[in-house]
């Protein structure tokens, strides 16, 4: 017989995709979304996979796969959520290449609807090359391993933890745009300036930060934090995170193409959250 205890009415919103976007030039085309997957509102488990993909020699990969899960634990009423996406052997116009890219976010919501606990453990860039240069990302040690002080070793992140990182990154990123002209500086200020506010933004919008602080490696392309401009190609954003009060979203790579090939593409986008009441 059906009982009525622990009726939290939690509604899951969890999804992931490995690759997608659109082109404007030299052809207008929506790019097929690879390995899209989402959960029904009641939760569960789902996976998707795509084998080798090649679009007009513009973008290709050898494999792409995703996994999502969400569950309410009836023993204590807590919620667990996971979303991950992987792309292997990525090649974007021979300018952005990588052996393997992984995005992963895990969320735990204790009983009573208290503040979510967030981890990005497992997210990484393997063999990333930008314009032929070895661009090993410098991962933020507060957000993800190795050397992670919190999220990678059983100490998940809170909203305030991420807000602190977002504020610190914003100050450095905006400062790095000062030498790039007034338009660039204003763009960075408009995009990241509110992260420096105290208290940090809440109802006015999401926290915005990145798993990536910069790059190292011989011949690395110059960058402003996680944002890289490649002349004749476009702008690359790595590891961007948006954290809302009820959800978390991570995109491993977002490319805004400004060369003879124009358009926008995203790689390894994951997200999770939901809403409910006791």
Problem set entry | Matching entry among 64, 18, 35 (being under 22 Å from the mean Cα position of the chain (by Cα) and on the phi > 0 side of the Ramachandran plot) | 35
For this session: Hey, can you tell me all the residues within region 87-109 that are surrounded by 23 or more Cβ atoms within 10 Å (Cβ to Cβ) and part of a loop (DSSP other than H, G, I, E, B)?
Result: none
Exercise. Mind checking whether some residue in region 133-140 is out of contact with any helix residue (DSSP H, G or I) (no Cβ under 7 Å at 6 or more places or on another chain) and more than 28 Å from residue 233 (Cα to Cα)?
Worked result: no
For this session: Would you please list the contacts, defined by Cβ atoms under 6 Å and residues six or more apart or on different chains, that run from a residue in region 231-244 that is in contact (Cβ under 8 Å) with a residue 24 or more places away in the chain and on the phi > 0 side of the Ramachandran plot to a residue that is surrounded by 22 or more Cβ atoms within 10 Å (Cβ to Cβ) and outside any strand (DSSP E or B)?
Result: 239/211; 239/226
Seminar exercise, completed: When restricted to 7, 50, 82, the only residue at pLDDT 95 or above and under 18 Å from residue 111 (Cα atoms) is 82
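Within region 49-82, can you find the residues that are assigned to a strand (DSSP E or B), in contact (Cβ under 8 Å) with a residue 12 or more places away in the chain and closer than 28 Å to residue 262 by Cα?
Our first condition is that a residue be assigned to a strand (DSSP E or B); within region 49-82, this holds for 49-50, 53-55, 59-61, 63-73, 78-82.
Filter again for in contact (Cβ under 8 Å) with a residue 12 or more places away in the chain, leaving 49-50, 53, 55, 59-61, 63-72, 78-82.
49, 50, 53, 55, 59, 60, 61, 63, 64, 65, 66, listed by residue number.
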Problem set entry | Filter result (at pLDDT 75 or above and either surrounded by fewer than 20 Cβ atoms within 10 Å (Cβ to Cβ) or more than 18 Å from residue 248 (Cα to Cα) (or both)) within region 143-159 | 156, 158, 159
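So which residues in region 229-250 are within 22 Å of residue 86 (Cα to Cα), surrounded by fewer than 19 Cβ atoms within 10 Å (Cβ to Cβ) and at pLDDT below 95, if there are any at all?
Across region 229-250, the qualifying residue is only 235.
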Problem set entry | region 189-221, residues that are at pLDDT 90 or above and within 25 Å of residue 144 (Cβ to Cβ) | 191, 192, 195, 207, 208, 209, 210, 211, 212, 213
Exercise. Regarding residue 112, is this residue more than 21 Å from residue 252 (Cα to Cα) and buried (at least 18 other Cβ atoms within 10 Å of the Cβ)?
Worked result: no
Problem set entry | Matching residues in region 115-147 - criterion: being in a loop (DSSP other than H, G, I, E, B) and closer than 24 Å to residue 45 by Cα | 115, 116, 120, 121, 122, 123
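The values are calculated or read from the model by the stated rules, or taken from the named source; none is laboratory data. Just so it is clear, the model here is predicted, and its values are computed rather than measured. A quick note on method: Cβ atoms are made from the backbone with ideal geometry, for glycine too, and the neighbour counts reach across all protein chains shown.
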